[in-house]
Amino acid sequence: MRIAASTSRRPFVRGNPRAAVDPEPRLGADRGRIGRAYRAGRLVCGCVHVTISLDDRLGLTQRERRGVRVRFHEPLADDLRTELAELARRRGTASHRAAERSDPIELVVDDPCGQHEHMIGGLQPPHRRHGELREIEFGLRELTRT
C-alpha cells in the first residue's frame, strides 16, 4: 500500500502562509559596530570592532544577557598591545589574574543613528588565542554603561 505524499510540507500550498520577515534583529543576533578605546582620557586604539550579543535564556538579568566582545585594530598604544599579547598568551587562572590586574578601558561605540554609546569595563581573556591580534576577540566585563 502506498501513501500519497502530503502537500502540507510545501511552503506555498494553500493553508501554509509565508513566513513573515522580521526587520528587527532577534535577541540572539550579533550586532557589530565600530568604536574607539580610551584609558585615562587618552586614545589607546582608534579602531575597535565591538560585537554585542544578547542572550535570551530565562533567569538572566538584563546585565547578564548582554555579551560584549572586542577586536582591536591598528594603531594601538604600546602598553595596550603588550597587555593584549599577555592576555592572549596566558591560559587558565593566570589569564584571569592578568585580566584582573589590567586597568579599565572606556569604549566609545558609534551608533548607526549618529549617537555614541559609552561602555567602561575590564578586558577578559579570549577563547581563541591564535592568529593575529586583530583577529582575536577579547571579552569585555562591563562595569558601567551610559
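Taken together, the values in this text are just the output of simple stated rules run on the coordinates, not laboratory data. Since we're looking at a predicted model, the values are computed, not measured. Heads up, the Cβs are rebuilt from the backbone with ideal geometry, glycines too, and the neighbour counts pull from every protein chain shown.
Return one quarter of the surface area of the convex hull spanned by the alpha-carbon atoms of region 27-145, equal to its mean projected area, in nm².
So the Cα hull casts an average projection of 7.8 nm².
Report the local net charge at Ala94: Lys and Arg +1, Asp and Glu -1, summed over other residues whose C-beta lies under 13 Å from its C-beta.
Every neighbour counted, the sum reads +4.
With r defined as the distance between the Cβ atoms of Ala77 and Arg141 and R0 fixed at 22 Å, what FRET efficiency is calculated, to the nearest 0.05?
That gives a FRET efficiency of 0.60.
With a Förster radius of 22 Å, plug the Cβ-Cβ distance of Arg33 and Arg128 into 1/(1 + (r/R0)^6) and report the FRET value to the nearest 0.05.
About 0.60, to the nearest 0.05.
Apply the Debye scattering formula to region 82-127, with a single equal point scatterer on each alpha-carbon and no solvent, then give log10 I(q)/I(0) at q = 0.18, 0.23, 0.29 Å⁻¹.
Values, matching the q order: -0.59, -0.76, -0.98.
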